[in-house]
Amino acid sequence: MSAATIVSLPDQSTARIPKMNFLTKENGLLSWLLTGDHKRIATLYLISISFFFFVGGSLAGLIRLELLTPQTSLMAADTYNKVFTMHGVIMVFLFLVPSVPATIGNFVIPMMVGARDLALPKINLLSWYLYIIAGFMVIYTMAAGGVDTGWTFTSPLSTHYLNTHVISTGLAIFVAGFSSIFTGLNFIVTIHKMRAPGMTWFRLPLFVWSNYAASILMVLGTPVLAITLVLVVLERTVHIGVFDPAYGGDPILFQHLFWFYSHPAVYIMILPGMGVISEVVSTFSRKRVFGYTAVAFSSVAIAVFGFFVWAHHMFIMGISNYAALVFSLLTMLVAVPSAIKIFNWAFTLYKGSITFETPMLYAFGFMGLFTIGGMTGVFLGATGTDIHLTETYFIVAHFHFVMVGGMLMAFLSGIHFWWPKWTGRMYPEKISQLAAIVTFIGFNFTFFPQFILGTLGMPRRYAAYPPEFQALNVFSTAGATILGVGYLLPILYLTWSLRYGAVAGNNPWQATGLEWQTQSPPLTENFPEIPIVDHEAYDYEWLERQQEKEVASVG
Amino acid sequence: MSEQNQPKEHDQEHHIVSPVTYGAILLALLIFTGLTVWASYIDLGAWQIAPGLTLFWNPVVALAIACTKMTLVVLFFMHVKYSRKLTKLTVASGFFVFIVLIGMTMTDYFTRAWGRW
Amino acid sequence: MDHISPVLWQFLQKWLTHFALFPPEASKIAPQMDALYFFMVLVSLVGLTLVVLLIVGFSILYSKTRHPHAVQIEGSTILEATWTIIPLGLFLIMFVWGALLYFRIYTPPANAMNIYVVGKQWMWKVEHPGGQHEINALHVPTGRPVQLTIISQDVFHSFSIPAFRVKREAIPGRYTTVWFEATTPGTYHLFCTQYCGTNHSQMIGDVVVMNPDDFRKWLDSSTSGDSLAQDGERLFASLSCNACHNTRPDARGPSLANVYNSRLTLSTGETITADEAYLRQAILNPSQHITQGYAPIMPTYQGQVSEEGVIALVEYIKNLDSDYRVQQTLNTTDLVPESAGGKPVAGAKAPAAEKEVKP
Amino acid sequence: MSDSTSTANGAVVEVHHEHPPYQRHHFESVDQQFDATNFAMWLFLLTEIMFFGGLFTSYLIMRNWYYPAFVEASHQLNIGWGTANTAVLIVSSFTMAMGVWSAEMRKKGMLILFLSLTWLLGMAFLGIKSIEYTEKWEKFHVPGLHWSDSSFLNPASDPEVYSEYHDKPLAPDMAAKTEMYFFLYFAMTGMHALHMIIGISILTFMIIRARQGAYTTGHVTYVENFGLYWHFVDIVWIFLFPLLYLISRY
């Protein structure tokens, strides 16, 4: 592996990080807290998101520890309920939804389209503040005693039967929702209006396409969740509302409104991750993404179809059988674009010149795990098998394969991929490859047994379970330990690399994106001169010609 | 996907709607408001499409008038008539998703009794 | 191994003896469900293998050491079409197959024996028509379709029997149904799978499948005296339902004899089948289902009758095939109202302006 | 392995085109800035549509379920105030549109006039709304806080409404559902009023800025975008009015 690498670093004895870059432009806390620079906001987001990821991750650790034994041995049932609720809320709303878009997307999209910043820098900063407010509200909720509704807030449990902190959590998600709306809105405007001269839609990197698709979902889906939570909060405070059957409401209506957002939310989470994979697979196989247009349009197709499938979360909930039929059919349709993407990535490797740096390893992990996650989604989308498998550990395994196996792998892949651009320094390659492999192994150990548990019928959200399920739970917990190590490693070596990493130079990966054609870390204005784009995305021949020209002009 | 961000001739100067148009629209909106109130006092009857499925004309008329008013506001007050395609597409997609939310939720409610008739 | 760690050894042993990939198939639908499940597993395995083979194969063939210069390829419409159409076809097969199962599981046959299930935080109450009550347990016979009519008293619960491959949400305020036909005697898990609050994981129980003979014996031995319908009859009298719902010509409510499964015409002109769900609604929200020809004067019994009480009433009304029983109920209590100035009209259900609804 | 010449000559070239003071640095041209912010406003309105979408969905379902309760409860609303408010809001939309026109024509005086008129009409709307809310409070029609369904069990107790519609008493269980109507009424009109309050606050700020001449220099983006918001709020009311006030008035 080490023999074949595309990494090209400048001569370390002379190379320096450019003195003038977005990190050093201004100093002082205030210059960060009042910044309009998308790269600084992305950095703020990265730090805060990592924090919440580790809070959520620790809660996951507690859950797995509790499930080591069939009895409620570590914590009482209500504590367990609070722990998994907080795990869900934090991971979904404070990590997965903003993870790739608000950090990596924020950082690279303006550069990819050749702009100086996002279209609305102040709104971008506002979005981060809203995120932080939401974060504080969640932390307040935890400190004040937590909430145990599950992240789905099912009415009438949430509206009537619990006296934990539903309101503060609901409002936190409301605020986080607006943070996500503003990010999405900003992306759409930027992608439409801020592209550099010559940057046509079909010259955009696929990462931009997939974030564009996710942004549509954010802008149109999130407000429905917001109003739903407002109605839940109202129902709790004035004791009348549209959800609780005791007041004449319909709890199924809550589910409709909730899942109208929360199913597309799954695509909000996964689509940007898919964008990362497109970038990484192309770069490390030195090839244009196979079937560029198909991949681009499949992103949009997922976004559009994503709005029509929400009731597949409700097949057993007493919705009309005929409605279930329609939603199941549409679910099958939305599964197809994902399959298209997987095969296109696989065929991007064909006749490439592949190297196996860390981002690529994570990307391979993504492709394998996402295939499993996606296929098991079809099990749940088919109405018949859904009856048996839903609300069991099968569903837990399924969405963790998509969210953790898919999204988190993509997030880590992207972080490693753009780390040199972000900080100007390389991460240590060997140990990070190890981390990628450890993560992959740990992940499979953790979540694969859960498919079997689910098929056997073990329900989700159980603090205690029948003893015959213990063996598989022990496996799962053991795997989670490995997985935990896999997640801790990057924190350590990435921090280390901030100071001791090799100087990366402009374009260590020899990648084609516009963001790689500027210095690392970039200037606050991104480009000294707005680039004029005259080539397709992933045009490695253009890159070679470019470099020849540079060598010639220097010589 | 045609629009680009290079300045193009046709939207260099964006269209300024004349006050006369605004006045006419205002008048139309007020007339429609009167119309909808007046219509609500008349029993317009119902259309029995099928047993158990009846369409009452009063709410239909009220909503049709509301939609007309909305269209006038969107087209003229909000300048969508004179805007570029992207804006039109944005407005259209907004209403499309709105209809999806209501319509597809209703598919559940209206078909729950099926098979039990 | 056992000298290294006896605990681990014990554990492994336990695991090996208990290891299963699938729950037992104890109902008629289970093998059918599993057939689709296996088909899906097969498709997934083939798909996964294909993806892994492609990735690993290309990684070996086209690694930089072997293949230093990439060959740029635009894409291939034929390939795109292939991996659009083949997955789509497979998914559509799964859709149709799944839908067939879904409709089968959620459409109970007419001859099914009905058992009521009430979910509440945090227990399952099962009520057999014969008056046998069970908590966190369900006894059913083999070889007979059993329909469960499920309702929740508070929050969402979900009645799940993995061995039967059936599951149905218990919804507050609405009956849902599911059915199965057990095949293999034994004891199986019963779970609440919808998160329902603190003791969600304690809301579990046993489904006991018995031979028809054993089941009959069990029914006889665990009867509490009155059948569900008899309970309902008593409740019917104590709530003075018979004050209006009698067969007198001046009755303010419609007669309830044979009302179950009949087609009713409502005051809105709609027609509706008087199934269990309708009967329940008519007791709790009477003014929403006014039978044509009766005035909306029935009070609601929301909050006055428990879900079990409603079930008893529904069961009573279902079994009411003549008015004789209502008359008897009438005579055994002192709740008979004076025929308050009503003019006797021939034909009990002739449209009179001030009649009331209640099935 | 080309050493990609880490742009040693990367001395920062600050690009300064000639551009008006209101152009933000990251935009290439004023047109781009106008287009981008205008488009952003439209996208924001999309989220607003969906935000109200959840309420409209709830309303439609509950109205179908409890139609008699919705009819009787709707009769408790004062159609006069409702119509007046609709007219007020429509006229305010007109003055807002005229405000945008004045900004485009760079007529400072007229801009201030029309913005102030819009402000006044907005306040008038809220004033009328508060009269209606007060009436609801007095009639015990505020769900959860000040509630009684006696006016539906015994409609003759409210002679004003009764004489007009001769409403029959609702059955107790249906009468209880009128609370649902009023919950939705307050949720929807309350959410709408909240948008009005936000709008009026921004308008106040804008009038001050307009007096300083901020919007009559050719930079109409702000006024134009606020106009979009104001018209959107108007449109929401255009639907709320027939849905809430005009149920079976004959």
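Bear in mind that the values in this text are calculations on the coordinates, not laboratory data. Everything quoted here is computed from the prediction, not taken from an experiment. Cβ sites come from the backbone with ideal geometry, for glycine too, and all protein chains shown count toward neighbours.
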Kyte-Doolittle mean at least -0.5, axial Cα span of 20 Å or more - DSSP H helices of chain C: C:29-61, C:77-105
Footprinting proxy, A:Met218, D:Met62, C:Met210: sorted fewest to most Cβ within 10 Å, the residues are C:Met210, D:Met62, A:Met218
Let me check against my output: what whole-number percent is the relative contact order of the range D:42-245, with C-alpha pairs under 8 Å and at least 6 apart? 34
Within the protein assembly as shown, helix-based [θ] at 222 nm, where runs of 4 or more DSSP H residues each add -39,500 (n - 2.57), nearest 500: -19000 deg cm²/dmol
Can you give me the angle between helix A:292-305 and the longest principal axis of chain A, using Cα atoms only, in degrees from 0 to 90, rounded to the nearest 10? 30
Averaged over its residues, how many other protein chain Cβ atoms are within 10 Å of peptide B:28-37's Cβ atoms? 5
Give the relative contact order (percent, whole number) for chain A; include only Cα pairs under 8 Å separated by 6+ residues. 20
Dipole of the range A:29-554, Cα-centred, from +1 at each Lys and Arg C-beta and -1 at each Asp and Glu C-beta, to the nearest 20 debye? 500
In peptide A:542-548, how many Cβ atoms from other protein chains are near each Cβ within 10 Å, on average? 1
Residue order, fewest to most beta carbons within 10 Å, for C:His69, D:His25, A:His239: C:His69, D:His25, A:His239
In whole angstrom, note down how far apart the Cα centers of the range C:192-255 and the range A:42-104 are. 44
Computed over chain A: longest principal axis from alpha-carbon atoms vs helix A:166-193 long axis, angle to nearest 10 degrees, is 30
Report the paramagnetic label zone for B:Tyr82: residues of the range D:36-53 whose backbone N is under 17 Å from a point 7 Å from Cα along the Cα-to-Cβ axis. D:38-39
Quick one: helix D:221-240 against the long Cα principal axis of chain D, what's the angle to the nearest 10°, folded into 0 to 90? 20
Taking R0 as 51 Å, what FRET efficiency do you get between C:Ser224 and C:Ile73 from their Cβ-Cβ distance, rounded to the nearest 0.05? 0.10
Under a cut-off of 18 Å between alpha-carbon atoms, report the aspartates and glutamates in cross-link reach of D:Lys129, not counting same-chain residues fewer than 8 places apart. D:Glu138, D:Asp234
Say the dipole of the protein assembly as shown comes from +1 at the beta carbon of Lys and Arg and -1 at that of Asp and Glu; which of B:Phe110, A:Gly374, A:Ser328 then lies farthest toward its positive end? A:Gly374
Rounded to the nearest 20 Debye, what is the dipole magnitude of chain D about its Cα centre when Lys and Arg each give +1 and Asp and Glu each give -1 at the C-beta? 460
Let me check against my output: what whole-number percent is the relative contact order of chain C, with C-alpha pairs under 8 Å and at least 6 apart? 15
Which distance in nm do the two modelled labels at C:Arg144 and C:Val96 give, with both placed 7 Å along the Cα-to-Cβ direction? 3.7
Any lysines whose Cα falls less than 26 Å from that of A:Lys25, other than same-chain ones fewer than 8 residues away, would be A:Lys39, A:Lys122, A:Lys421
Pick from C:Ser59, C:Ser238, C:Ser222 the residue whose mean-square fluctuation is largest in a GNM of chain C, springs joining Cα atoms under 10 Å. C:Ser59
Just tell me how shielded A:483-489 is by partners: mean number of partner chain Cβ atoms within 10 Å of each residue's Cβ, no decimals. 0
Note to self: C-alpha centroids of the range A:460-518 and the range C:99-137 sit apart, in Å, by 46
Between A:Leu30 and A:Tyr500, how many nm apart are label points set 7 Å from Cα along the C-beta direction? 3.7
Residues in the range D:42-83 near a label at D:His146, defined as backbone nitrogen under 18 Å from the 7 Å Cα→Cβ point? D:76-78
Rounded to 5, the percent of DSSP beta bridges in the protein assembly as shown classed as antiparallel: 75
Give me the net charge for the shell around A:Thr79: Cβ to Cβ below 10 angstrom, other residues only, Lys and Arg +1, Asp and Glu -1. -2
Within chain C, pairs of Lys residues whose Cα atoms are less than 24 angstrom apart, provided they are eight or more positions apart or on distinct chains, add up to 12
Top mean-square fluctuation among C:Tyr260, C:Tyr106, C:Tyr37, Gaussian network model of chain C, C-alpha springs under 10 Å? C:Tyr37
What lysines could a cross-link reach from B:Lys85, if we take a straight Cα to Cα line under 20 Å and drop same-chain neighbours fewer than 8 places away? A:Lys193, B:Lys8
Sort out for me the Cα centre separation of the range D:211-246 from the range C:11-77, rounded to whole Å. 56
Based on the mean of other Cβ atoms within 10 Å per residue, sort peptides C:305-314, C:141-150 so the most packed one is first. C:305-314, C:141-150
Using the 10 angstrom Cβ neighbour count as an exposure proxy, how do B:Cys67, C:Cys196 rank, fewest first? B:Cys67, C:Cys196
Identify which of C:Ser152, C:Ser262, C:Ser160 has the largest mean-square fluctuation in a Gaussian network model of chain C, with springs joining Cα atoms closer than 10 Å. C:Ser262
